[in-house]
Amino acid sequence: MTETLAFGRTPLLTHNYMHYCPGCTHGVAHRLVAEVIDEMGIQDRTIGVSPVGCAVLAYNYIDVDFIEAAHGRAPAAATGLRRTLPPDRYIFAYQGDGDLASIGMAEIVHAANRGEKLTIIFVNNAIYGMTGGQMAPTTLPGMKTTTSPGGRDVAQTGHPIRVCELLDTLVAPVFIARGSLSSAKNTIKAKKLLRQAFDLQHQGFTFVELLSTCPTGWGLSPTDSLAWLDRNMLPFFPTKTFREPGAMPEHTAAYHPDLKVRD
Ligand SMILES: Cc1ncc(C[n+]2csc(CCOP(=O)(O)OP(=O)(O)O)c2C)c(N)n1
Ligand code: SF4
């Protein structure tokens, strides 16, 4: 009887045991990134920037060169790499929602606005996982966290920030998309978004948000977390491609990037 291998280890994932909690989709996101880099054959030309957050040890798992950035500063560190290394390098930053949308909000907005030739992977699990489940900028209204035990009160703390929509107001980005890791089908779609971003990276700023689970911070089982994501996160964070080359939204096309002061 012949045996067919249906599913194997991604060559670019190391043999280190991941420290992520059971059911955490950071591991899935890592696998997708590793698969895309492997399929593009760019392992020796890729440099990752890891965040402060649960993915702080991403460099232990994805077998490419990495640097570690200070909290929220991954887009600035990645900018430094882009501007000093040969242009054929592929540079990506991997950030959580606390890292990117809280302490690092200025860095991501300005890197996007400058049109840095980078891929930013934004893992949105609506909570600070690493530090014990505090409220994040992406925490949903009414969602209980350790710092919003009665549920997020938007009158006091504001509404969840939709980062893709916010970056989509800028002229420079060439690719902005949001996917979800809540099912096998969605994960396949999310991988396509990552591939598109890496493929377009040398044309400009590329950004992929991945809706992700934090079973520990949410206080749910891995399976319930996937259902919770679909039920609660998707209405606030619709999965779609916001920006593609050649399909600039009206609000950016109205401003012509070549328009300059004439006198
Ligand atoms: C300057 C600084 N401020 C605060 C912290 C504490 N801190 C570490 S990780 C983190 C947030 C992590 O949440 P997120 O980025 O959403 O990633 P997750 O752990 O959920 O993947 C915070 C506030 C820190 N390490 N350094
Ligand atoms: S705390 Fe949350 S984000 Fe961090 S590893 Fe555990 S499940 Fe994943």
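Rule-based calculations on the coordinates, nothing more; no lab input. Remember, predicted model here, so these are calculated numbers, not experimental data. Quick reminder, even Gly has a Cβ in these numbers, built from the backbone with ideal geometry, and neighbours come from all protein chains shown.
Odds and ends about this structure:
- Under 17 Å from a label point set 7 Å out along the Cα-to-Cβ vector of Gln203, the amide N atoms of the stretch 111-132 belong to 115-120.
- Listed residues Ala55, Thr2, Leu229: farthest to the positive end of the dipole of the chain (Cβ charges): Leu229
- Projecting label points 7 angstrom from Cα along Cα→Cβ for Met1 and Arg83 puts them 6.1 nm apart.
- Here the Gaussian network model covers the chain, with springs between Cα atoms less than 10 Å apart; of Gln95, Gln196, Gln156, Gln156 fluctuates the most.
- Cα-based convex hull volume of the stretch 50-185 per residue, rounded to whole Å³: 130 Å³
- Using only alpha-carbon positions in the stretch 1-83, the gyration tensor eigenvalues give semi-axes of 27, 17, 9 Å once each is multiplied by 5 and square-rooted (largest first).
- Most fluctuating residue given options Ile120, Ile188, Ile161, as computed from a GNM of the chain linking Cα atoms under 10 Å: Ile188
- Per-pair calculated FRET efficiency, R0 = 25 Å: Glu244 and Asp44 via Cβ, rounded to 0.05: 0.30
- Panel order for Cys21, Cys54, Cys164, Cys214, by other beta carbons found within 10 Å of each beta carbon, from fewest to most: Cys21, Cys164, Cys54, Cys214.
- Check: the chain dipole with +1 on Lys, Arg Cβ and -1 on Asp, Glu Cβ, in debye: 260 debye
- The amide H of Gly133, built 1.01 Å from its N in the peptide plane, has Tyr128 as neighbours under 5 Å, considering only residues 5 or more places off or on other chains.
- Dividing the convex hull volume of the alpha carbon atoms of the stretch 26-253 by its residue count gives 115 Å³ per residue.
- Here the ratio of the Cα radius of gyration of the stretch 120-244 to 2.2 N^0.38 Å is 1.08.
- Anchor Lys192: lysines whose Cα lies under 16 Å away (excluding residues fewer than 8 positions away in-chain): Lys240
- Residues His19, His30, ranked from the fewest to the most other C-beta atoms within 10 Å, line up as His19, His30.
- Stokes-Einstein D for the stretch 189-263, Kirkwood Rh over Cα pairs, 25 °C, 0.890 mPa s (µm²/s): 157 µm²/s
- Extension gain, Arg231 back to Arg9 (0.36 nm per residue minus Cα-Cα distance, nm): 76.8 nm
- Two-site label geometry, Val154 and Asp258: point separation in nm, points 7 Å out along Cα→Cβ: 4.2 nm
- Listed pairs Lys144/Lys185; Lys117/Lys144; Lys117/Lys185 exceeding 32 Å between Cα atoms: Lys117/Lys144
- Glu244, Glu3, Glu116 arranged by Cβ crowding within 10 Å, fewest neighbours leading: Glu3, Glu244, Glu116
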